[in-house]
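I have placed the structure first, in the form of structure tokens, so that the comments after it can refer back to it.
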Amino acid sequence: DRVYVLGNGFAPTFTVTFPNGEKRTETTPFIPQATQTMLSEGAVRVDTPAGMYPNEDDRRKNQIAIEGLFAPDAVFPHANLLDSASPEPHKPTVAIRIYKGDTGLDTGRPQNVYSLDQRLIDQGRLTQQASVNLGMGAETVLPDGTRVRFDGYERWASVQVSHDPMQTAVLVSSVVMVLGLVMSLMIRRRRVWARIVPVAEGDKRRTVVEVAGLARTDQAGWGEGFEEQARGLFAEDAPKNRAKL
């Protein structure tokens, strides 16, 4: 079996505490945007706890969505713009925008797991509540009392396992096929034709035999060998050859 690593990165963990005190914790993989520094981006969708909003319309208006960047080694080269100095998690930090409203979890429409549906934002179904930078353990409070905390991160890796029990048979077949091809190129392919024509000369009749040869490739050219082959067909000591003709 062969194992191939297709990708790896970080999965930030967020805890959302709703106004009634109930909590939801989500760990979502973020996709790297810069492989040298592992600055990653992604999105998190958090549904409200069961029973908090019995009305479906109210529940859809109070879902929480988070979108932003994760930096394992945070630096701020330009004001509050987050970047990462290295892929090592020395100072994990997120720069996020927090939305409230309908995240589209139950619409049945496929969504990109690494970003929010921009149509929901344009339609006003998702409204931005905050834009903050959070280090590990830090939290922010939304106007309605909802708390969003950045708890930390986990590492993720995407691997592919390849199992091919027939690869030995394929290798052997390929070798045999190549050897057969080489042998066919080394064999000299030649053809010989003999035409027997009866000829009448007065009261006598005789038989004229015409022999011709063809070489299928330049390498298999007849040269002087053709005359020897033609004489061998009618030699006195070759009765078998005469029988065949």
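Things worth noting here:
- 3J(HN,Hα) along the stretch 49-64, derived from phi through the Karplus expression 6.51 cos²θ - 1.76 cosθ + 1.60 where θ = phi - 60°, amounts to x, 4, x, 5, 10, x, 7, 4, 5, 5, 5, 5, 7, 10, 6, 10 Hz, with x in place of Gly and Pro.
- Computed from the Cβ-Cβ distance with R0 of 41 Å, the FRET efficiency linking V211 to L179 stands at 0.75.
- Fraction of alpha-carbon pairs over 24 Å apart in the chain - percent: 67 percent
- Gaussian network model of the chain, springs between alpha carbon atoms under 10 Å - residue of V161, V172, V46 with greatest fluctuation: V172
- Evaluating 6.51 cos²θ - 1.76 cosθ + 1.60 at θ = phi - 60° for every residue in the stretch 105-120, the Karplus couplings come out as 5, 10, 7, x, 8, x, 10, 6, 6, 9, 8, 7, 6, 5, 5, 5 Hz, glycine and proline recorded as x.
- Two numbers describe the Cα atoms of the stretch 1-94: Rg and Dmax, which are 16.9, 52 Å.
- Under the Debye formula (equal points on every Cα, no solvent term), log10 I(q)/I(0) of the stretch 101-190 at q = 0.13, 0.15 Å⁻¹: -0.74, -0.88
- Highest-fluctuation residue, E56, E228, E139 considered, GNM on the chain with Cα pairs under 10 Å: E228
- Computed extension gain for Q33 through D151, at 0.36 nm per residue and net of the alpha carbon distance, reaches 40.3 nm.
- Spin-label model distance (nm) - Y114 vs E41, 7 Å beyond Cα toward Cβ: 0.9 nm
- Inter-part distance where the stretch 100-147 and the stretch 175-204 are each reduced to a Cα centre, Å: 82 Å
- Ranked by the mean number of other Cβ atoms within 10 Å per residue, highest first, peptides 177-190, 82-95 order as 82-95, 177-190.
- Residue-span extension gain [S162 to T25] - 0.36 nm each, minus C-alpha spacing: 45.9 nm
- With DNA, RNA and ligands ignored, accessible area of D47 (1.4 Å probe; Å², nearest 10): 40 Å²
- Part-to-part distance (alpha-carbon centres) for the stretch 6-21 and the stretch 34-69, which is given in Å: 9 Å
The values are calculated or read from the model by the stated rules, or taken from the named source; none is laboratory data. In this text, all values refer to a predicted model and were calculated from it rather than measured experimentally. No Cβ is skipped: glycine too gets one built from the backbone with ideal geometry, and neighbour counts run over all protein chains shown. Only protein heavy atoms, including side chains, enter the accessible area calculation; ligands, DNA and RNA are left aside. Shrake-Rupley method; radii C 1.70, N 1.55, O 1.52, S 1.80 Å.
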